[in-house]
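What follows is a short report on a single structure.
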C-alpha cells in the first residue's frame, strides 16, 4: 500500500513527540489542535493504529534514531580528528614552539653584561646591566647600627630552570626521555614474589660415596 500524505505527516508528528511517544498522545495533540491551523491528518485512534501497523512506525523510529546517532557520532569523530590534527596537538608543532621558547631563553641567558655610565653634569647616568645569567639582589650584613646592605649578584635560577624544562620537554616529545614506569601485579595490585628454596641432598657413605682424601697426606693409624 502506498503511504498517503496524511499518513506520512502523522508519522512525522509522531516522531516529533520524542522518547516516550504514544499514539494516544498524538491523538490528544490532534484533538486540541487549533482551528486556525491546518486540520490534522486524523482525529481517530483507529486510523493512527492502522498507519502505524501498515507502515512500520516503530521500525522507522528505530531506523531514524540509529541514523541520527550515527550522524552525530560521525560529526564527533570528524571534530576529534580535526582537533587532534591541528596546532599543538601535533608533535612537530609542539616541538617547534618549544624550540622557539628555548631559543629565546638561551638568548636571554647569553645576553652579555654591560657597564653603566657614571653621572656627568646634569645627566644622572645609567645603571649597569648584569646580563641575563645574573640577577641583582640585596643582602644585609651585620646587625643593629652596624648593619648595612650590599649588592650581590646571583645566577638567574628561575630562567635556568625554565630553560632546562623546555629542553626536557623537547626530549620527551622526541622520545629522548622516559618517564617513570610503575610496575604492578595482576589487577593493579602489588607484585607477588615467590621464593623457592632448593636443598641439595646430603652426601652419604651408604650411597657409595668415598670419604675425601686427607689433604695433609697423613692416613689414619693402622
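The values are calculated or read from the model by the stated rules, or taken from the named source; none is laboratory data. Note that this is a predicted model, so its numbers are computed, not measured. Here the Cβ positions follow ideal geometry from the backbone for every residue, glycine too, while neighbour counts run over all protein chains shown.
Just a few scattered comments:
- Options 64, 21: the member that is assigned to a loop (DSSP other than H, G, I, E, B), in contact with a helix residue (DSSP H, G or I) (Cβ under 9 Å, 6 or more places away or on another chain), over 30 Å from residue 175 (Cα atoms) and modelled with pLDDT of 95 or more: 21
- Among the candidates 75, 104, 44, residue that is free of Cβ contacts under 8 Å to residues at least 24 places away in the same chain, surrounded by fewer than 15 Cβ atoms within 10 Å (Cβ to Cβ) and touching a helix residue (DSSP H, G or I) at 6+ places or on another chain (Cβ under 9 Å): 44
- Subset of segment 31-57 that is farther than 13 Å from residue 12 by Cα and part of a helix (DSSP H, G or I) - its residue that is modelled with the lowest pLDDT: 31
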